Every structure is written in C-alpha cells, then in structure tokens.
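Okay, so here's the structure we're looking at.
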Amino acid sequence: MNKEVNIKELLKELSLSEKIGQLQQLASTFFIENSKGELTGPLKDLGISEDEIWTAGSVLGVNSAEEAYEIQSKYLEKSNSKIPLLFMADIIHGYRTIFPIPLAIGCSWNLENAVLCGQVSAKEASLSGVHVTFSPMVDLVRDPRWGRVMESTGEDTYLNGEFGKAFVKGYQGDLSSPYNIASCVKHFAAYGAVEAGREYNTVDLSDRQLKEYYLPSYKESIDEGAKMVMTSFNTINGIPASGNKYLMRDILRDDFGFEGVAISDWGAVLELMVHGVAADDKEVAYKAIEAGVDIEMMTSCYNKELEKLVREGKVKEELIDEAVLRILKLKKELGLFVNAYGAIDERKAKEMFSCDKHREAVKKVARESMVLLKNDDVLPLKENKRVAVIGPKGNSIDLLGGWSWQGKKEKIATLKEALTNRLGENLVSYAEGCHIDDNDESGFTEATRVASESDIVILALGETSEMSGEGGSRANIGLPGVQEKLADEILRLNKPTVVVLFSGRPLEITSLSAKAPAILEAWFPGTEGSTAVTEVLYGDYNPSGRLTMSFPYAVGQIPVYYNYYNTGRPKLPDGEETRYISQFIDIPNEPLYPFGYGLSYTRYEYTDLKLSSNEMTKDEEIVASVKVKNVGKREGTETVQLYIRDLVGSTVRPMKELKGFKQITLEPQEEVIVNFTITERMLRYYDMNCELVSEPGDFYAMIGSSSENTHKVKFELV
Ligand code: GLC
C-alpha cells in the first residue's frame, strides 16, 4: 500500500465481509495471546472467528511499541486486505509520564496546560504505537458522586469547551508530525448527567438542557478538528446513544457537520439489547448502523449480522460504505498507508518516558492545578521545622488517579519521600494513622505520638484511585474509613496543621473544614505530584488553582452548581426568614466551596469595574474593564473571571454564566487593568423553541475572583 492510495478505489476492492471487518474494534488480546494490553470493559465471549480477527479494522488498549509492532506485522501477514490496523487507547492525562487528572488540569484554568498534556501524551503514545486517544472527555458534570468527574474539567459548559479544544490541539497539532495522535472526543452525549451520579445510569434531559449545557463542549472539540467521536452508554430522550439517530445523525452529522469516525463505547452497541430497544443481535446491528455508529467496540453484532441485513435488503450497503470510507480516510490522514508502523520506536519511547522535560511538564501542571481551600496562617510552611506526615496518603504512591495504567510502571515519590528529600530525614516523621478505608483505629495512638513530637503536621488524606474513574460512583463522598476521626485526634493537638486531600472528586468535607486550619486539594497530581505538593506547601509556588466543580455542603445538596436558576421563591441573602422559599431547612443552599474559588498566599483587590458603554446593539461590542491589584507581599497568579446574567429571557436564565477568564501574574503592589470584550454572541442561549438567540434586554456583567465574589454593572442589549 502506498500514500497515493485512492480510498474509494480501495473500497471497491473489498468484499462486503472485509468492509464489515473494518467496522470491528478488538482489544489487543485478540491478536496476541500474551498481550498485556488493558481491558477497560466486560470481556464477553464475542464469538469472533479466527478469520474475523484478521479482517478487524482497529485495536484498542495496546500495551507497548513492541506489542503494537508485533500485532501490526502479524495482521498484515494474515489479512487479505492488507489495510493496516488503527491503534487506539485511553490516554486521558498522560501515557507513561502522568499529568494530574483532567479535573485538576481544569482547576489550573490554564489552557496551555491541556495543550502541554496533549503534546507530551501524544509524543510518548505515538512512539508506543498509538494512533488515536479516546480523549478529551468533555462531559459536563454536576454530581460528584459520579466517579468520572475526575476525567472531566468540571461544571461549566464554556470552560469545558475551551479545555476540550486545547486538548485536541495538543494531541493532534496539524497531524503532520508522526508524534501527533488523533483525538476521539467523548462521551457523546451527556454521560455526566447520569441520575444520582450512579454509573451507567439513565440520563433524561429536556432538549433545551441538552443543547444549552451538555452539547456545546463536544461541538467545540469537533470544530477544533477532533477526528473521532465516541458514543456514550446512556439514553438520550429514551434511546441509548449508540442507536439514537436523532443524536448521531440529526445533531452530530447534520447540525454539527461532523464528518469523522463515530465509535461506540465498549460494548455499547450490544447493550442496546440490554437497554431494551433491540430484541436480538440483528436488530442491534440494524439500529446501530442506521444511527451511524461506524466502529463497534468489543462486541460483534456487525460481524455477525450486517452481511445478512444487506443481503436481505434491510440495510443499504451504502451505509456500510460510508462508515468504511470514514475509517479509511482517517487511516490515510494518519499516514498508515505510507507507514503502517507510524512512529513506533521502543528505544526512543523508553528514553522519552518520564524524561526530565516531561517530568518538569507534569510538575508544573500539578503545581498550578492544586486549590488552596483554607489557610488560617498555616501556609506557606517554614523550612526548619519538624514535620509529621500523618495519614494513609502520606507514604502512598497511589497519586496518579484513574486511567493511568502505563504510569504505574514509573517510580513515583511519596509525599513523605518528597518532604524528606527537601528537609532531610531528621525533620520528617511519619505515621499512617489509619488505612484509607476501614474502621481500624489502632494506629491513632502512634500517629498522635508522632504528631505531638513535631512542630507542624501534614495530614495526607483522601481516596484511592479506584474510588473514582469509571465504575467509581460513591453515594457517600466523605473521607473514606476513619480518616476524619484520625484528623479529629490530630487536630486536638492544636499544632499548625494542613490537610492535603488527594481525591478524584470534590469530597464532602464540611465538618473537617470547620476544624482544619488549612486545606489544600491536590487531586491526583500525577507522576511528580508529591514534589509539586511540597513546592506549594513551602511557598516555592503560590497556589493559583480555582475550583471548576463545586464542593457540596452535604451530599444531599447534590446537584449543586454555580449557574443555577433563580426559581420563583429564591432564598435571598438578606431575605426575610420564612419557610416558603427555595431552601433546605437543615443546610444552606450554597456549596461549601463554589465554582471559581481558590485562595492564594497573597490577596488581590478588584476596583473600578466599568463598561465602555451601557448599551450595545447586536452589531456592537462593549468592553468591561476592572483594576486588579496584588495587595499582598508575594507574587501570585490570579484568574479574573467574567460572568454574565441575562435578567429576563423567554425562558429562565441562570443567575450567572462564565463567559471569559484571564490569568494575570502580579508582583506585590502591582496593579493592572483587565479588559473583557462583551459580544452579542456571548448573550445567546437556546430559547423556548431551542433556537440559539440573543434577545434585547438588561444584563449584568460581573467580574471577580470566583463565582461568589464579583462586582457587577448593568448594560442593555438594544
Ligand atoms: C470504557 C470507557 C471509555 C473508554 C473505552 C475504551 O468503557 O467508558 O471512556 O474510552 O471504554 O477503553
């Protein structure tokens, strides 16, 4: 095969069964018995024949350059079509050098960090034989019980769209380099809206909610050039995505104009039967191909049934041809017909894995992703003090989070080790105190003794990687086990104490936050996470992370998010005490820590918010400007946030919506003017007819340091 391959001519040379084979994706274990490739879903007996393996079009989860080379060679030897396999894998926040989880990257509010993550991941992955990553995941999330919030960048549509574009840019570049890999944006659509945050649960949204909040981030990634889209497991309007023509053809193909490859999630095609919208494999294959699913991942209804459906005239062969052409086009774009082995290079890959440059990259992003939630004059810590590291995350290498299996082969420093490297053995003591998730309190005494002999205490608490990610929904999102009881014991010593949380979601920490004098959310900070944590704790880096997902006051408050509607009976801050308003009688309406929130080791003052005009027509723009001054003693990076509220619409409108953000780094006493241009496009929303419109009327422009801390000024769209 050579680069001049004409894919339409090539298509004509294929038999129907060879064409159908291109629509099949199998795990690497099908191609080589002893593959160490990752299995990321139920491995049902697919009833795939040996012959059908050598007509498959793509592989997922390959484990190394060596394996990829072996599979491709064997395939090209055995396959009749000699059309190279596409290799795909879940590279969600790094390949071997692991970045902080995407939720953490989102909290850096620095889009360049997503680009960097994409570039570094693509370099390591392409050398290891991967052509496509199943990333970015841009599902909007509003429920921290759902384990996959760790893969998202949070609760805001606009921000998720911006980060989705940045990840795509990082992975794909212009696809001219062998070290670029194609992006598969997922999970289409609205997987993050599973009821009760329960994994794989039903999603049921109004069309307006779907279009206003859940769809735009996929569209942004597609407009950035994402080459693939993955269907989600859930229903949309009562029909699972992988059999949903409205979603996959009307919206994805017609409205969004997506011309790339649509792949199902693992097993999602066959699950049409389990959902109860197909009676057998044949009906499954019919519904999925009619809906426009090009590649069936890890089930084999297409292989088993599509040829019959075509022979019986129930499915037009053109539908299959369209799907195959999209796959051949992608293979051609990725250069497979020129070089079936892409950038595979085992030696180079090993040199690249966790090289200094990549370690520095993940450390930088980790520093910027951490969010300082509370600090009653404990941080930054002083170097020459004795430190007790207490807690189950204190000497743990479980710092990578979900979707990081390649990363586990790297040497990862624990927090205790990083502190010892920095301070020396004499100043660092450690006691686990308790396990991460059991009721054993027998370690409390020793932990209390170790802590009492120190000057300061670092309480390292949180979750295991398995407590979030896919299949990681938790109904109770407090600290697992007896960690909070351990914290109570240690806090009673009244030592300067900082709690460092390692988690894949916002946890319910209301009682802890009332007692702990300082709390740093470190998420799962990746390969260099421990060092990054010490650099923040000791002030080498002034924390600049801001939450992109609310911390609930209580699990009963969920879903809680910043862009809520007013309701007809809002609970007003200075409103009268009455029963008959929208409230809980036992907790506040506000989250414990809101969207956009995060502390710094310095302070910023916002003054002089003004508009270039208080009126704008649809053809005009106005500029909102504000002065921001660093009134503290340390340099710091502030994320200035612009929110807009539409005071009256033909449907209810949120109290505020993020429409822009700018990161500025200020020296002590430095003041700058930050400008935002407000455009008519920013004021559009899906009205009662699901039309994307802007309507004349009054708006607030609000600028500040978090969704709960803004200055506002009114303007009118005329
Ligand atoms: C999983 C996940 C999806 C992943 C796919 C392939 O079930 O839902 O995000 O990309 O399977 O591993």
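Bear in mind that the values in this text are calculations on the coordinates, not laboratory data. None of the values given here were measured: they were computed from a predicted structure. Cβ atoms come from the backbone with ideal geometry, glycine included; neighbour counts cover every protein chain shown.
Observations, loosely collected:
- Pairs over the 30 Å Cα-Cα cut-off, from the set Lys123/Lys408; Lys363/Lys610; Lys8/Lys287; Lys411/Lys659: Lys363/Lys610; Lys411/Lys659.
- Over segment 400-515 - Rg/Rh using Cα atoms and the Kirkwood inverse-distance radius: 0.97
- Segment 378-428 - convex hull of alpha carbons, volume per residue in Å³: 100 Å³
- Selection from Leu334, Ser369, Ala288, by position along the positive dipole direction of segment 286-390 (Cβ): Ser369
- Counted over all Cα-Cα pairs of segment 267-412, pairs farther apart than 23 Å make up 65 percent.
- Of Asn476, Tyr538, Val498, farthest towards positive along the dipole that unit charges on Lys, Arg, Asp, Glu beta carbons give segment 447-573: Asn476
- Semi-axes of the equivalent ellipsoid for segment 454-560, Cα gyration tensor, largest first, Å: 22, 18, 13
- Each Lys and Arg contributes +1 and each Asp and Glu -1, all at the Cβ; summed about the Cα centre of the chain, the dipole is approximately 860 debye.
- Distance between segment 492-527 and segment 74-114 - C-alpha centres, whole angstrom: 31 Å
- Rounded to 10°, Cα long-axis angle of helix 317-333 versus longest principal axis of the chain: 60 degrees
- When each of the peptides 62-69, 440-447 is scored by the mean number of other C-beta atoms lying within 10 Å of its residues, the order from highest to lowest reads 62-69, 440-447.
- Cα gyration tensor of segment 66-113 - equivalent ellipsoid semi-axes, whole Å, descending: 37, 11, 7
- FRET E, pair Glu441, Arg684, Förster distance 60 Å, beta-carbon r, rounded to 0.05: 0.60
- Straight-line cross-link partners of Lys571 among the lysines, defined as a Cα under 18 Å from its Cα and at least 8 positions apart when in the same chain: Lys656.
- Rounded Å value of the spacing that divides the Cα centres of segment 358-429 and segment 307-333: 51 Å
- With Cα atoms defining each centre, segment 653-673 and segment 125-158 are spaced 26 Å apart in the structure.
- Neighbour counts of other Cβ atoms within 10 Å put Phe676, Phe524 in the fewest-to-most order Phe676, Phe524.
- Axis angle, to the nearest 10 degrees, between helix 356-369 and the longest C-alpha principal axis of the chain: 60 degrees.
- Across segment 234-241, rounded Karplus estimates of 3J(HN,Hα) from the backbone phi angles (6.51 cos²θ - 1.76 cosθ + 1.60, θ = phi - 60°) give 7, 7, 10, 6, x, 10, x, 3 Hz, Gly and Pro being marked x.
- Under 14 Å, Cβ to Cβ, from Asn395 - net charge with Lys/Arg +1 and Asp/Glu -1: -3
- Hypothetical label at Glu112: residues of segment 649-664 whose amide nitrogen lies under 15 Å (7 Å Cα-Cβ projection): 662-664
- Sum of side-chain charges, Asp207 neighbourhood, beta-carbon under 14 Å (Lys, Arg +1; Asp, Glu -1): -4
- Each stretch of four or more DSSP H residues adds -39500 (n - 2.57); spread over every residue of the chain, this sum gives -7500 deg cm²/dmol at 222 nm.
- Orientation-averaged projection of segment 478-627 equals 14.3 nm² [convex hull of Cα atoms, one quarter of hull surface area].
- For Leu86, residues with placed amide H under 5 Å, excluding near neighbours: Ser58, Val59
- Calculated on alpha-carbon atoms, Rg and Dmax of segment 21-161 in Å: 17.2, 49
- Semi-axis lengths, largest first, of the ellipsoid equivalent to segment 608-718 are 29, 14, 10 Å, with √(5λ) applied to each eigenvalue of the Cα gyration tensor.
- Kirkwood estimate for segment 205-254, i.e. one over the average of 1/r between Cα atoms, Å: 11.4 Å
- Value of Rg/Rh across segment 150-236 [Cα atoms, Kirkwood radius]: 1.01
- For the chain, the longest principal axis of the alpha carbon atoms and the long axis of helix 301-311 meet at an angle near 40°.
- Within the shell of other residues whose beta carbon sits under 13 angstrom from the beta carbon of Ala366, the net charge comes to -2, with Lys and Arg scored +1 and Asp and Glu -1.
- Peptides 366-375, 549-558 ranked from most to least packed by the mean count of surrounding Cβ atoms within 10 Å: 366-375, 549-558.
- Compared with the direct C-alpha span, the chain from Glu670 to Lys329 gains 117.5 nm at full extension, assuming 0.36 nm per residue.
- Across all directions, the average flat footprint of the convex hull enclosing the Cα atoms of segment 239-312 is 4.6 nm².
- Quotient of C-alpha Rg and 2.2 N^0.38 Å, computed over segment 183-229: 1.22
- Estimated FRET transfer efficiency (Asp280, Glu695; beta-carbon r; R0 45 Å; 0.05): 0.35
- When the P(r) of the chain is calculated, the portion above 34 Å amounts to 48% of the C-alpha pairs.
- Ranked by how many other beta carbons lie within 10 Å on average, peptides 338-351, 19-32, 160-173 from highest: 160-173, 19-32, 338-351
- You can think of it this way: the chain between Glu620 and Leu11 has 214.2 nm of extra reach, that is 0.36 nm per residue less the Cα-Cα gap.
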